[in-house]
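Values quoted throughout were computed directly from the atomic coordinates according to the rules given, and no laboratory measurement underlies them. Note that the structure is predicted; figures quoted are calculated from it, not measured. Cβ coordinates were reconstructed from backbone atoms using ideal geometry, including for glycine residues, and neighbour counts include every protein chain displayed.
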Amino acid sequence: MYDQALQKTVDLGIKGGLAKGLGMGTVYLLLYFTWALLLWFAGKMVQKGTIHGGPAFVTILNSVVGGMYAFNPSFLSAFYYDGE
């Protein structure tokens, strides 16, 4: 009887876990794809002589660190503070 009562919770937990896994997988896929594109493009620019390695490296670091903090909820809350 107790097993039957928990079955809905188990099914919901499995579906929730699958949704969270797919969501996080998609986020990390986009994150690593963006980093790879950034590294590839910076490498091409260094290879063509458009930019040197130092400024390219600094740009890569700025993009990665800025991207990590740009969508942080605590950072976004600073723009929506209503004074209460």
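The shape of region 2-77 can be summarised by an equivalent ellipsoid whose semi-axes, obtained from the alpha carbon gyration tensor, come to 43, 15, 6 Å from longest to shortest. Taking label points 7 Å from Cα along the Cα-to-Cβ direction, L38 and Y2 give a separation of 5.1 nm. Subtracting the Cα-Cα distance of V46 and V10 from their residue separation scaled by 0.36 nm leaves 7.6 nm. Could I have the simple spin-label model distance between L61 and L18, label points 7 Å from Cα toward Cβ, reported in nm to one decimal? Using points 7 Å along Cα→Cβ, the separation is 4.4 nm.
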